[in-house]
Amino acid sequence: MNAPQVLQNKLEQMEKALRNTPDQHLDFKAKRDLIERILQLIEEKDVFVLGHNYMEPLVYLLSGEQERGDSLGLAQRAAETDKPIILFDGVRFMAETAKILNPEKKVLIADLEAGCSLAEPFSADVVKEYRERYPGAPVVTYVNSYADIKAESDYCCTSANGYKVVLHAAKEYGVDRVIFFPDSLMGANLQYDLKDEGIEVIYPGKEDDRFAACEVHEKFTAQMMRDIREQYDMPKNAEHTAILAHWECPPEVLEEADFHGSTTQMGKYLEDHPKLQRVYLATECEMAANLAMEYPGIEFVRSCSLFCQHMRKITLEKILYSLENEVYEVDVDPTIAKRALVAINRMLEIK
Ligand code: 13P
Ligand code: SF4
């Protein structure tokens, strides 16, 4: 297939995917030229484009089906590519992980300021302090952190495999106490889910006054979930409706939800429950927009004042600029990257 044909096919695929969501279909028409130019550069420069589930639909669809997903899936894909340039449509800690896995490649992100409230609060010294306080306990660090923290850790994990990695770390080290960094709410949720395994999870805020949380997910409350259930006729454990929550929400929200998991696991829940007709996702709101393209038969109840300001920094306009000029390159100190890679690889090896 020649290059113009590949481009044409990609545009057609995008348009087809958007037909189920009229608003985004209109956006596509308005930005068709911009999208075409971006796709052209992706082809010309042989760019591997990874897109997180929280990207707005037009950005999300720039990535092929296999290159869209949650932070675990994207890290796995980043480890596999042999393309010279990676464009990461997500936030900086995700692009950093891709760079650590591909030190020789150029990793671009449309906005280097796309941060994460979980990744900012602690320095690597805090990890050392916890190690001293809890000797012998392995450190499992959530990927929503920067490379220096990962470098001080024994394992990384994501929301898709946190439970599994903490369990694995405890077994591997022959201990029943694991330090989990940095998310205080996810730490509490892991502790709850792992209580029957006899594992003590230590996380910031459990036995001290430190705290880190996702600025989006911490805002969901159990009362909001109950209000949604009542207002939209979504009883618990129903066949046709479901409330799904991300691990980063407060524990009482998870208790009210029908299911909790990573972003991709929430999508998988829809696939596994074909009778669903109405769904609320307690997570970043673009996730529902992306799932709506795939599940036109489901009505998504959306509350879009809860969005991730960092993810929103990734726009088509900035992507074009980054690709055209090959700027906004992610760099990680090679010494730190080498140590962080150990923790990332130890996570990727856990099946
Ligand atoms: P996932 O691990 O589900 O991709 O979530 C990452 C994230 O930033 C959630 O807020
Ligand atoms: Fe970070 Fe929360 Fe944004 Fe995810 S949604 S990138 S955890 S601030």
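The values are calculated or read from the model by the stated rules, or taken from the named source; none is laboratory data. The structure presented is a predicted model; accordingly, all values stated were derived computationally and were not measured. Ideal geometry is used to build each Cβ from the backbone, glycine not excepted, and the neighbour counts take in all protein chains shown. Surface areas here come from the heavy atoms of the whole protein model, side chains and all, with no ligands, DNA or RNA. Shrake-Rupley method; radii C 1.70, N 1.55, O 1.52, S 1.80 Å.
Criterion first (surrounded by 19 or more Cβ atoms within 10 Å (Cβ to Cβ) and among the charged types (D, E, K, R)) does D154 satisfy it?
So D154 passes the test.
Please state which of the following conditions V107 fails to meet, knowing it meets all the rest: (1) open to solvent by less than 10 Å² (accessible area, probe 1.4 Å); (2) assigned to a loop (DSSP other than H, G, I, E, B); (3) away from ligand 2 (no atom under 16 Å from the Cβ).
For V107, the failing item is (2).
Quick check: is even one residue across segment 162-174 crowded, with 21+ Cβ neighbours inside 10 Å, assigned to a loop (DSSP other than H, G, I, E, B) and within 16 Å of ligand 2 (Cβ to nearest atom)?
no
Among what's in segment 292-317 and is within 16 Å of ligand 2 (Cβ to nearest atom) and outside any loop (DSSP other than H, G, I, E, B), pick the residue that is farthest from the chain's Cα centre (by Cα).
K313
For every residue, the table says whether it meets (1) open to solvent by 60 Å² or more (accessible area, probe 1.4 Å); (2) in a helix (DSSP H, G or I); (3) modelled with pLDDT under 95.
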residue: H260; (1), (2), (3): no, no, no
residue: L320; (1), (2), (3): no, yes, no
residue: E324; (1), (2), (3): yes, yes, no
residue: D331; (1), (2), (3): yes, no, no
residue: A337; (1), (2), (3): no, yes, no
residue: V342; (1), (2), (3): yes, yes, no
residue: K351; (1), (2), (3): yes, no, yes
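Residue check, S145 against (1) assigned to a loop (DSSP other than H, G, I, E, B); (2) away from ligand 2 (no atom under 16 Å from the Cβ); (3) without any contact (Cβ under 8 Å) to a residue 60 or more places away in the chain, all met but one. Which one?
(2) is the only condition that S145 fails.
Between residues in segment 192-205 that are among the acidic types (D, E) and residues that are in a strand (DSSP E or B) and open to solvent by less than 90 Å² (accessible area, probe 1.4 Å), which pairs lie under 9 Å by C-beta distance while being six or more apart or on different chains?
So the pair list comes out as D193/H260; E200/R177; E200/V178.
Among residues belonging to segment 119-136 that are open to solvent by less than 10 Å² (accessible area, probe 1.4 Å) and touching a strand residue (DSSP E or B) at 6+ places or on another chain (Cβ under 7 Å), point out the one that is nearest to A340 (Cα to Cα). Give the derivation first.
If we filter segment 119-136 for residues that are open to solvent by less than 10 Å² (accessible area, probe 1.4 Å), which is where we start, we get 119, 127, 130.
Imposing the further condition that a residue be touching a strand residue (DSSP E or B) at 6+ places or on another chain (Cβ under 7 Å) reduces the set to 127, 130.
Details: V127: 13, Y130: 18 Å.
Result: V127.
Given the criteria part of a helix (DSSP H, G or I) and open to solvent by 40 Å² or more (accessible area, probe 1.4 Å), does M186 qualify? Show your work before the answer.
Values: part of a helix (DSSP H, G or I): yes; open to solvent by 40 Å² or more (accessible area, probe 1.4 Å): no.
The answer is no for M186.
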